[in-house]
1. Would you pick out the residues in the range 32-56 that are surrounded by 10 or more Cβ atoms within 10 Å (Cβ to Cβ), at pLDDT below 90 and more than 12 Å from the chain's Cα centre (by Cα)?
2. Taking only pairs six or more apart or across chains, which ones have beta-carbon atoms under 8 Å, a first residue in the range 8-36 that is under 27 Å from Thr52 (Cα atoms), and a second residue that is of a type in the set (Lys, Arg) and modelled with pLDDT under 95?
3. Which one is surrounded by the most Cβ atoms within 10 Å (Cβ to Cβ) among residues in the range 5-31 that are of a type in the set (S, T, N, Q) and under 15 Å from Val44 (Cα atoms)?
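The values are calculated or read from the model by the stated rules, or taken from the named source; none is laboratory data. Keep in mind the model is a prediction, meaning the values are calculated, not measured. Counting neighbours? That spans all protein chains shown, and the Cβs are built from the backbone with ideal geometry, glycine included.
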Amino acid sequence: MKTSAMGLVALTTFILIIITIMASMNFPFSWVFYLTVIGQALVVYMVYKVLTDSYTTTKTFDDFYEDHPIGRQD
């Protein structure tokens, strides 16, 4: 099963938000520490997957924003 890059971004974001909540609620240090290590590993893996993803598009920098292109009129 292929993991999509955007799914990995969502998972990593969720884990890091959970770490923030756990740290503010005074969870045991070991839980926060190990989840932080896992979160850091996920960030590195996420960056690798996003950079090596085979995503292609026809948009260029001339198109400005994807939802409001100002460069060319189709």
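1. Asp53
2. From residues that are under 27 Å from Thr52 (Cα atoms), the pairs are Leu8/Lys49.
3. Restricting to residues being of a type in the set (S, T, N, Q) and under 15 Å from Val44 (Cα atoms), the top hit is Thr12.
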